[in-house]
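Have a look at the structure below before the remarks.
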Amino acid sequence: MTINAGAKGVRNELRCEKELRTQGYKDIIRVKRGHRGLKQDFFGLFDVIALTPDHERLLFIQVKSNRCDAETRAKIRLFEMPEDCEKWIWIWKDKKGWDTELYL
């Protein structure tokens, strides 16, 4: 059985959006995928942007499936943002759920 990695990624981004909504987030933007695997993340790194319920901070989230490579982690760590923004990696681990990492 082959796994469509693109479809799995989109499913996990939708899971991320659903989880944020259950936590009270209302203002969420998710990268919409084009056809034939076209992918353009925000700033080339992030799949989801969410405004905290108190409207104080923006969350920039990279969504991954099962693992995150060192190169992606390094790019996110080095990406400069204003103080009122947070950089996150959310990794959906099959049959386990979310593993989240905050980068300051």
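Coordinate-derived values only; no laboratory data. These numbers come from a predicted model, not from an experiment. Cβ atoms come from the backbone with ideal geometry, glycine included; neighbour counts cover every protein chain shown.
Hey, any idea what the orientation-averaged projected area of the convex hull of the stretch 23-100's Cα atoms comes to, in nm²?
For the Cα atoms of the stretch 23-100, the hull's average projected area reads 6.1 nm².
For the residue pairs Lys75/Lys96; Lys18/Lys95; Lys64/Lys96; Lys75/Lys95; Lys64/Lys87, alpha carbon separations beyond 22 Å are given by Lys75/Lys96; Lys75/Lys95. Against the main long axis of the alpha-carbon atoms of the chain, helix 5-22 sits at an angle near 40°. Each Cα pair under 8 Å and six or more residues apart adds its sequence gap; the mean of these over the residue count of the stretch 17-104 is a relative contact order of 22 percent. For the pair Arg11 and Phe43 in one chain, pulling the backbone fully straight at 0.36 nm per residue adds 9.4 nm over the alpha carbon distance. Taken along the Cα-to-beta-carbon direction at a fixed 7 Å, the label points for Asp54 and Ile3 span 3.8 nm. Charging the Cβ of each Asp and Glu at -1 and of each Lys and Arg at +1, and nothing else, the dipole of the chain about its Cα centre rounds to 720 debye.
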